[in-house]
């Protein structure tokens, strides 16, 4: 990562800090270290408002350079800051929604003179919600790799497979195209392996996670996604794998079918494509997020699919979500979200309908907000593909 | 999960709570919910010292039963406890090393009359460090699946592969044998995909993570493990995949080689096998963890491999680690660990040597402490396998 790009990102955070009178941030969480330092390190980035950022690193042992300091523990920070003529913070921001309680308290205790505020997570997530040109280009590249993997999906299907076996072959395609595999989610209770493959009624099984659809999963220790059941004729199959090819979590779903589906499935699928198209026509800088959600729900209702839109028993309360270094960033296209779209925001739009006895249909693509409207990051055919 | 097993686990936690005068725990983190409720839920298990546990669940919407209450937010808990004739806590334990700071504060604020203590993580980890018979049986089963996947590794090797490609094929073998894929680690800064495959000098590249060995990784957003380089004749390759087949993280490493290795590699490998054997002979209930670590280091030194034992530039400061629902549990076989082994403890033992210009050699198996000594959970041939 080039220094000007890192400087740009840090300055986005600094601008928001200045608005709240915060004169330094101590950044310790992996996604925020990737954002501000360009890579994961075991350590801390100290970001003062009016001085260069300083990296305090425990591991790896071979990082060196200007403004990089080797430490064994965070208690060494104040003395090292003084040695480097950097004033100690007056109002220090920590990542309050990510750092574990005791780790937060330990870091706060290193700066007993400072007022310590926990708004670091929210503030950095706000900075991250509008992507830089470099980040958008990384999304474009990962979108192309995601598409390339999905194009090969029909080639790995075999009659008599379980949803788990089909998922494993698709995971392999993703990995061979360069997917790093790791799936980063915001929120300590959220977890998923590489993504989900949902076939038939399994798509309607409620899960503990706040993803768009659920699924029984293969084990009570991870109750989401594929169930291990055999794929059956007349079932729809939704493939929704996370596209992490370079740190940025692209998102994309496509629907496949074992043989022909009942006509209703194609009708419902087209409703989702129409919802996508309507949102794409509407969305531009200044559009209010909840308006897009309400439009989607209104169209699903009008088409007679209100009870099946975004799930059956347990419904997702959003139709789109910001994506970035994590799969669930700002903005969220959901009720009561008054946030307006801005150029550079990147989100996944996923109108989906779950039909009893058939399965999930619909679409998901990743989009970047431009000055004129939306640009699709995952361009690929959107019809239901018969296997 | 049967109720008597869950009751046994909850009572292990209650015993430790009683010692500290804690009259209730509020459990919110996934691994601890798996441990105490048998599955992941979106919600909270309230565990009083002298009354049955109560589950307060947000998601999934279809969980019902005795002592299960549907909620929308944790602020509803005090009223629901009163309704169910359960007294509010006097001293409440939260998971202070896992819950994010703001979430911890929110839960604590639900019980303004209670003294809230953050020792939940440490205390439940202590309870979890001695496995029940049911847990040990789950480890035995996952060990067999792990072995079955590893036996097939030579069959997926192709000349001209990169370490990444070889890793992908092994990940697929693991998944086909039932591996859930998700790799749970304790500590917010620790992360890894399914495990690591390290070939040649890449094994000596320091990483930001506190795993036994490092690796450059494929991207600065995940700097650990395979590097994407081609596998070369004369290189050793260590496969170290996480064996999560049922929630329990088995651990196992085996070494492969492209063609024959220099004689030194076989000597060093045998030193690791000898260290394993010496530890297995020594270890039994009552053995002090650091004694086993010191014995391992002493043997490596005596054999002339001190500079290469557990890494080169950046060394792991342990030779074994507890395993369970997470890959890094108690006990740890490391310096200054005065903890004594107890029957039911399960740990991975991984004496490894990294040889410059060759790569990593050594061994890793999972072991359970029995009344007499150690039982191997991952029985499989341990020689270096030529591909």
Report summary line: Taking only the alpha carbons of the stretch B:169-261, the radius of gyration and the largest Cα-Cα distance, Dmax, both in angstrom, are 13.3, 40
Query raised in the report: Going by a ≥ b ≥ c, the root eigenvalues of the Cα gyration tensor, does the protein assembly as shown fall in the rounded group (a/c under 1.5), the prolate group (a/b larger than b/c) or the oblate group?
Result: rounded
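Before anything else, pin down the relative contact order of chain A: Cα pairs under 8 Å, at least 6 apart, normalised by residue count, whole percent. Mind dumping the intermediate values first?
On the way: 846 pairs, mean separation 57.1, N = 387.
The value is 15 percent.
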Report summary line: If one compares the long axis through the Cα atoms of helix B:120-129 with the longest principal axis of the Cα atoms of chain B, the angle in degrees, nearest 10, works out at 60
Report summary line: Which of B:241, B:144, B:252 fluctuates most in a GNM of chain B (C-alpha springs under 10 Å)? That residue is B:144
Report summary line: Inter-chain shielding metric for B:160-167, i.e. average beta-carbon neighbours from other chains within 10 angstrom, reads 1
Query raised in the report: On average, how many beta carbons from a partner chain sit within 10 Å of the beta carbon of a residue in B:208-221?
Result: 5
Report summary line: Distance in nm between residue B:273 and residue A:317 label points, each 7 Å along Cα→Cβ, equals 6.0
Query raised in the report: Put a point 7 Å out from Cα along the line to Cβ at residue A:302; what are the distances to that point in the other copies, in nm, shortest first?
Result: 8.2
Query raised in the report: Over the Cα atoms of the stretch B:130-386, what is the Rg over Rh ratio if Rh follows Kirkwood?
Result: 0.93
Requested in this report: Sort shortest first the distances from residue A:80 to its counterpart in every other copy, using label points 7 Å along the Cα-to-beta-carbon line, and give them in nm.
Outcome: 4.4
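Using only the Cα atoms of the stretch B:272-387, what semi-axes does the equivalent ellipsoid have when each is the square root of 5 times a gyration tensor eigenvalue? Give whole Å, largest first.
On the way: eigenvalues 104, 52, 33 Å².
Ellipsoid half-lengths, sorted descending, are 23, 16, 13 Å.
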Report summary line: Quick note on A:116, A:280, ordering by fewest other C-beta atoms within 10 Å, gives A:280, A:116
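Averaging the inverse of every distinct alpha carbon separation and then flipping it gives the Kirkwood radius. What is it for the stretch A:67-179, in angstrom units? Write out the running numbers ahead of the final one.
Details: mean 1/r = 0.0536 Å⁻¹.
Value: 18.7 Å, from the Cα pair sum.
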Report task. For chain B, find the longest principal axis of its Cα atoms and tell me its angle to the long axis of helix B:133-151, 0 to 90°, nearest 10. Result -> 30
Query - Using alpha-carbon coordinates, inclination of helix B:289-302 to the longest axis of chain B, degrees - result: 10
Report summary line: The simple spin-label model distance between residue A:8 and residue A:152, using points 7 Å out along Cα→Cβ, in nm, is 3.2
Requested in this report: Kindly give Rg over Rh for the stretch B:3-128, based on alpha-carbon atoms, with the Kirkwood expression for the hydrodynamic radius.
Outcome: 0.91
Query raised in the report: Could you give the nm distance between label points at residue B:115 and residue A:64, where each point is 7 Å from its Cα heading toward the beta carbon?
Result: 5.1
Query - At R0 = 51 Å, FRET efficiency that the Cβ-Cβ distance of residue A:284 and residue B:75 yields, to 0.05 - result: 0.85
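Would you calculate, for the protein assembly as shown, the mean residue ellipticity at 222 nm contributed by helices, counting each DSSP H stretch of 4 or more residues as -39,500 (n - 2.57) and dividing by all residues, to the nearest 500? Walk me through the numbers before you get to the answer.
On the way: 20 runs with 244 residues, N = 774.
Helix-only estimate at 222 nm: -10000 deg cm²/dmol.
The numbers here are math on the coordinates, done by the rules we state, and not lab data. Note that the structure is a prediction, hence the values are computed from the model and not measured. Backbone-built Cβ (ideal geometry, glycine too); neighbour counts: all protein chains shown.
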